[in-house]
Structure formats: C-alpha cells, structure tokens
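The values are calculated or read from the model by the stated rules, or taken from the named source; none is laboratory data. Keep in mind it's a predicted model, so treat the numbers as computed, not measured. All Cβ positions, glycine included, derive from the backbone under ideal geometry; neighbour counts span all protein chains shown. To get the accessible areas, we keep the full protein, side chains included, count just its heavy atoms, and leave off ligands, DNA and RNA. Shrake-Rupley method; radii C 1.70, N 1.55, O 1.52, S 1.80 Å.
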Amino acid sequence: MVYAIGLMSGTSLDGIDAALVEISGKNETTAVKLIDFLTVPFTDVTLQRIREALSLESSDVEKICSLNIELGECFAQATLAVCKQAGIASTDLAFIGSHGQTIFHIPFARDTLYASTFQIGDPAVICERTKTTVVSNFRERDMAVGGQGAPIVPYSEYVLYQKPNTTRLLQNIGGIGNVTVIPKSGNINDMIAFDTGPGNVIMNELCLYFFNQAYDENGTYASQGKVSQALLEELLAHPYIQKPYPKTTGREDFGKQFTTALLEKWSLAPKDFIATATMFTAKTIAKAVQPFIQGETELIVGGGGSYNQTLIAMIKAELPEVKVMIQEEIGYSSEAKEAIAMAVLANQTLQHCPGNVPSATGAEKAVPLGSITYY
C-alpha cells in the first residue's frame, strides 16, 4: 500500500476536504484505508473571490486567472496540513488526486456553447509546494467521450460500497445532491448515477441572507420553521426535477441567482423559508430514488447534509420502506467520502485504468480520467 491524498472542494464552498489514505490495487482489487482527514475553510477573502468568480454578473477572466493560482496554493496548504496532522512528510506521498473548484459546468451543448466543464486550482502549484505528482481535471476526459462529466464519484463507490443481495443508494448531499445506485447484482454496468437536485445550496444561501451564517447547523433553523406547501409545490415543479436521468446540475440552476429570485417573489419568515428549502431537498431525493427501491434497500447519506438532523428525519419520513443511514453508521466518514473518491480516481489514472462509469455519465466508453502533473 502507498500513501495518497484526495482533495475536494464542492458546490457548498465549505472549504477544502483533504483525505490521507493508504491505497493499493486497482479496479475491483482496490483497497483503501482512511488514515487522516481535515477540512480547511477558505478565508473570507478567498471565499468572496470564489463567489464572484461563480457569478455571471461579477466574474471576469482576470479574476479567474488569478484565482486559479490562489486556489492551487490553498489546495497545497490543505495537503501539507493533513500531512502534518498525520505526522508524515508530503514527500512520503505517492500521489495527490485534486478535484479542484468547479467554476462552471455545461453538461450539454446549447446555442453557441460547447458541452464543457471548468475546475480551477492549479495542479502545478500543488505539485511544486508538496513535491508530489498530482492528478487533476477528472471531468474533462469523460466529456470528451460524450459523457456529462458528472457524477464523478460512482467508480469509487462501486469499489468501496457494493453489498451482495442488497441495493445500495449512495446519496451525497453537498451543495448539490447526487445519488449512485448500486444494484444488488453488483455489476458495474448496471450502475446508475445522477444529480438529484439541490442539496445544501439553497439552504446555505438562505442562512447567509437571513442570519449571516454559512449553513443551518444540525438543521436547527429548519426544525423551528413551518414548510410552505405553496412554495414547495412551485419548487417541485422545477424543470430539472422532472428531467429523466442521466442528468447533472449545479449552482447555475440552484445557486444564488435562483435563491434571490425566490426571496424577491415570496414573503416568508426566515425559518419557514429554510424549512421549505430543506423539505425540497428531502422530497427531490425521495422522488429520485423511488424507482430503484427493490427488496432490501439501503440509502447511505454522505456529505455535509448528512449532519443536518432535520433533513435526515425528513428523508426517513419520505422513504419509510428504506433503511436510511449516514456514512458513519457503516464505518466511513461522511465528510471524507468525496475526497477519498479523488484518491481512488487518481490511482486508476496512474495505472492506466478507467475511472468513469458510462451508465452514470452517458459516456460512450470507460476511460482513464484526469491530467497528470509529474513531480
């Protein structure tokens, strides 16, 4: 086994997740053990720059050009921090898998725009600061063979989570929610994965607007609010929720602009707004997974949303026939899940092995993912 680190920063903008793992093998023989983990929050200044870069109104090429290097430094520092916490040197690492920060994602060509995706956080900077080979830009190769570039984690989920005679639904709740369906057959070609809709993104924007807080800790605000059925019905009628899979979404559909439009249209008490957004996420997850419930079925929730107790309670109420758990209940880390996935994908790439799941992304074939920056 060798040491490796997976780095992840998602749509929720909570910070950089850094997972130090021991990893060996490849394909179905891959074995991974989590050694250490931490999340390094962005500074207020960097977070503001990311938000500006994500917005069509405030972004420009100069800001993104600079932010690419700034985030490279941030990812490098997160790597060094988790190494220090674990008591190892970065030079002891075999490689780093870095997802980067998504700035924009266009899953399908439209008008004059090509299907494309854009993650930043310069791998050359990470490579130099850590003196370690870096694998990055995982989504682009999948899109080059006709995929949507998302979801990106199903291969790692297949390797780590399949369970004989049980259908497992792996629901990640970051800024956006995404589910991976591992059927009880355990065949990778039968896997399905897609974005279920908003995860924490609307709730987070509302918490920031009303309370100047990044998120609803433990779902406390939602638990004190009342769901507006009228607003909920409008939200559930969103075109994305009605679309068939494979499908992907992002802040482009459910981020700040979307939330601002809701605030301008609807007059609700702050906690009622947050409760309704929380129920929206719960119902979209339930609607998305309903067709895949067959016999013994487990829904395993990861990501920051797994710690929102109100949201988990709502999901359980929507899916009474399913065993709903969070990652910790099966011995994994909700926070570390996607960062670990980046290490698994990087391992596949370095061994010239595929890392995408065509049945999940719509790609024409399975291919190794990512670009390699050798040290």
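Pairwise alpha-carbon distances in segment 150-199 exceed 14 Å for 43% of all pairs. Computed 3J(HN,Hα) for segment 132-146, one whole-Hz value per residue from the Karplus formula 6.51 cos²θ - 1.76 cosθ + 1.60 where θ = phi - 60°, is 9, 5, 10, 10, 9, 6, 5, 6, 5, 5, 4, 5, 5, 10, x, glycine and proline marked x. Available extension along the chain between Asn187 and Glu52 is 44.4 nm, counting 0.36 nm per residue and deducting the alpha carbon span.
For the pair Gln213 and Ala317, label points projected 7 Å from Cα toward Cβ lie 2.0 nm apart. Efficiency by 1/(1 + (r/R0)^6): what FRET value for Glu364 and Gln242, r their Cβ-Cβ distance, R0 = 22 Å, to the nearest 0.05? Taking R0 as 22 Å, the efficiency between Glu364 and Gln242 is 0.25. Surface analysis of the chain yields an accessible area of 41 Å² per residue, using protein heavy atoms and a 1.4 Å probe. The stretch between Phe108 and Val2 holds 34.4 nm of extra length on full extension. This uses 0.36 nm per residue minus the Cα-Cα distance. Beta bridges per DSSP, both residues in the chain: antiparallel share near 65 percent. Count Lys and Arg as plus one, Asp and Glu as minus one, and take only other residues whose Cβ is under 11 Å from that of Val125; the net charge is then -3. By accessible area, using a 1.4 Å probe on protein heavy atoms only, the chain has 52% of its surface on carbon and sulfur.
Gain on full extension, evaluated as 0.36 nm per residue between Ala230 and Gln77 minus their Cα-Cα distance, stands at 50.5 nm.
The alpha carbon radius of gyration of segment 1-104, expressed as a multiple of 2.2 N^0.38 Å, is 1.19.
Select from segment 106-135 those trypsin sites (Lys or Arg not before Pro) which occupy a DSSP coil region and have at most 15 other Cβ atoms within 10 Å, ordered by residue number.
Passing sites in segment 106-135 are Lys131.
Compactness check for the chain: Cα Rg over 2.2 N^0.38 Å is 0.93.
Its residue count N sets the reference 2.2 N^0.38 Å, and the alpha-carbon radius of gyration of segment 252-375 equals 1.36 times that reference. Of the cross-linked pairs Lys256/Lys316; Lys265/Lys337; Lys26/Lys365, those separated by over 25 Å at the C-alpha level are Lys256/Lys316; Lys265/Lys337. What the phi angles of segment 12-21 give under the Karplus curve with 6.51, -1.76 and 1.60, with θ = phi - 60°, is a coupling list of 6, 6, 5, x, 9, 8, 10, 10, 8, 10 Hz, glycine and proline written as x. Under 17 Å of direct C-alpha separation, and excluding same-chain neighbours fewer than eight residues apart, Lys184 reaches these aspartates and glutamates: Glu28, Glu157, Glu296, Glu298, Glu321.
Each pair of Cα atoms in segment 88-195 enters the Kirkwood radius, and Stokes-Einstein at 10 °C and 1.306 mPa s then converts it into a translational diffusion coefficient of 99 µm²/s. Phi angles across segment 155-164 convert, under the Karplus curve 6.51 cos²θ - 1.76 cosθ + 1.60 with θ = phi - 60°, into 3J(HN,Hα) values of 4, 5, 5, 4, 5, 9, 10, 4, 9, x Hz, Gly and Pro given as x.
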